[in-house]
Amino acid sequence: MHPPPALFEQHHIRRVYDEITGTWWFSVVDILQVLIQQADYQAARNYWKVLKNRLSKEGSQSVTNCNRLKLSAADGKQYLTDVATAETLLRLVQSIPSPKAEAIKLWLAKVGQERMQELADPALALDRARDLWKKHGRSEKWIQQRMTGQETRNKLTDYWSDHEIREGQEYAILTNLIHQEWTGLSVKGHKELKGLLTQNLRDHMTEAELIFTALAELSTRQIAESVNATGMPENAEAAKTGGGVARKARQDLESRTGRAVVTGENALPPGRKPVGTRKQSIPNKIKNKIS
């Protein structure tokens, strides 16, 4: 589930939050549309194409640091879109003569300040997340389980941070290891099972999936703590073992209930479809991996 677009004056700025790295990514073209004061979205796209080509020839890191993620467009479909962090956008703004330049710089700085406030007081982030989940129809019971799981996740990443694990790619590798061990699927495979595109998988998990994810991450942290795991090899071993604890518990529950824990179900009220999903089709290769 992507968060709703941020507002700058009356302009919608599409964005994506990377939960693993704690980074906001903003649509470059949406920012440029504000700067060049063009109502025509295509004109902003053309402007970015020319600017990107010029900056690339100059060897600018601003272009190199941009990413491409799928964002919802006006037609409701999702398309690969150039996105950048607030830091990169601040550098890009310096290349564009615009009366809106200072205002957009202040706005981007404010977004960054809100993130710093959330880091200092995590309750702010939880309150914002709770409000967003409510707006998307999540039940109080689901929200409580999601927040409990997030607290477990935060304790694990705090441990990683203190034991020579770098944010970003290394967090993602360890997260995927844990997930693969307990579900039999990679994070990507689990998203495919649910028919998701770029949404946060945890925002679409069932109550059972959230509980077992939390068990896997709690087990991983406690196992890592018991041996003072430091660096990637030792924490990778703890991740596999912790995920294995949750896998055994999942298999035991499934054998007693006859119901699968990892499914294509989505934690939404009846009749509501998650924004930006594709038509669900579960490949046999994914079905066969869950065992």
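A few comments on the model shown:
- Cα-derived Rg to Rh of segment 162-263, Kirkwood definition: 0.99
- Spatially near lysine pairs across segment 6-119, Cα under 25 Å, sequence gap of 8 or more or different chains: 13
- The separation of segment 34-68 from segment 195-209, counted between C-alpha centres, amounts to 33 Å.
- Computed packing ranks the peptides 208-218, 51-61 as 208-218, 51-61, most packed first, by mean other Cβ atoms within 10 Å.
No value in this document is a laboratory result; all are computed from the given coordinates. Nothing here was measured: the structure is a model prediction, and the numbers come from that model. Backbone-built Cβ (ideal geometry, glycine too); neighbour counts: all protein chains shown.
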